[in-house]
Every structure is written in C-alpha cells, then in structure tokens.
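A short reminder: the numbers here are calculations on the coordinates, not readings from a lab. The structure displayed is predicted, hence computed values, not measured ones. As a convention, Cβ positions derive from the backbone with ideal geometry for all residues, glycine included, and neighbour counts pool all protein chains shown.
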Amino acid sequence: MDIQTIERLVSEELASDPLKLLHVRNCLEKADELALIHHGDRTKVRIAVLLHDITKLLPLKRQQELASHCMGPEDLENHPREVWHAYSAACYARTRCDIQDEEVLDAIRYHTTGRKHMSLTEKIVFVSDAIEVGRTYVTDDLRELAKMDLDQALIQIMQDDLEYLRARKRQIDPLTIEAVNYYLETQGGH
Ligand SMILES: [Fe+2]
Ligand SMILES: [Fe+2]
C-alpha cells in the first residue's frame, strides 16, 4: 500500500477525533525532524508514525479481535489495556496495509512501552509520540535533548512514564521497566 493510500486510511479511521488526527500530524513533523538529525530512515519512520494510533478509537474488544490475527490472546493479556492499541495497530498495518517490514511493525508495536534493543526507527517513533508539539506538559529541555541525544531523551521519557504510572497506581508494562534498566546500563543516565 502506498503512502498516500495509508494517509487517506488514517484520516478515515481517525475522522471522528480531530485531536487524535492532529496528534498524528504533529508526530509526523517531529519524527521527520528527528529522522533528519539522527539519520533515520524517513520513509519507515513516516509509515510507522502514520499507523501508530490507527486503532486507538476502536473498542477494546475490537482491538483484541484485530490483534488476534497476529498473536495469541494471552500475549495481549500480559500488557496493560492502554497498550493494546499498539499491538492491534501493528496487526492492522500488517494485514490491512500489507506492511511486512518488521522494523516498521516493531516501531508501531512498541511506541507506547518502548523495549530493550530498539532500532533507530523505533526510538524516533517512540520519542516523537512523547514530545510532539501538542504534548504541552513536555519541557523545552527534553525537546532539545531529543535533538542532541536520542537515547538520553528515551531514558527520560520512560522514567517520566514510570513515575506517572506509579503515582496513579496504574499497571506498568514490564517491557518499560526492562527497557529503562537496559538503557541506563548501556547508555548511563545523567
Ligand atoms: Fe499510541
Ligand atoms: Fe500516539
């Protein structure tokens, strides 16, 4: 499926929520900027960003059904519900848009939790989703850090996420904890 068709599909799927559509547009802008700075693959990043939230408006039941074409039901149950849309979106990309590039699919699948050993495409999508211009609570410092040191920005975003979830006693995806430990160990936190 070509990129114009994917763009049309995204506009259709998210038509009922203009703010969500705006979020995707903002993410595209940020991801393109970061891909340029950090020498990422702009096409892969663009496709992943376009599709990352495509199932977000679907009821959880429908997300489960969609994801079941790509994974067992128990695989989804291991993750907090807030994360299900990432898995259903990756499955949507594979089955409906015929995206078979695993790097693009992983960038969609892990855009909320992150994980260990992320590719550059995954990192750019993850960070862009977190710091796009519509995220008004994000500091300029973090946005600058993302330009200078993507891994340090990644660590900070994950740590902020963990703090936010812990403060609200919400379920934490083990992938994020694993990822923070991994990146702190390999990159060192400042
Ligand atoms: Fe998302
Ligand atoms: Fe998003």
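If amide hydrogens are placed 1.01 Å from N in the peptide plane, which non-local residues have theirs closer than 5 Å to the one on Lys116?
Ala179
R0 = 22 Å: FRET efficiency of Met148 with His117, Cβ-based, nearest 0.05?
So, using R0 = 22 Å, E works out to roughly 0.50.
Could you pull out every Cys in the chain that lacks a partner Cys with its beta carbon under 4.7 Å away?
Cys27, Cys97
To one decimal place, what Kirkwood hydrodynamic radius in Å is obtained for the chain from all pairs of distinct Cα atoms?
About 16.6 Å, per the Kirkwood formula over Cα pairs.
Order these by the 10 Å Cβ neighbour count, fewest first: Asp129, Asp41.
By the 10 Å Cβ count, ascending, the order reads Asp41, Asp129.
Could you quote the convex hull projected area for region 1-109, Cα atoms only and averaged over all directions, in nm²?
Quarter of the Cα hull surface area: 6.6 nm².
Work out how much length Thr186 to Leu162 would gain on full extension: take 0.36 nm times their residue separation and subtract the Cα-Cα distance, in nm to one decimal.
So the chain would gain 6.7 nm between Thr186 and Leu162.
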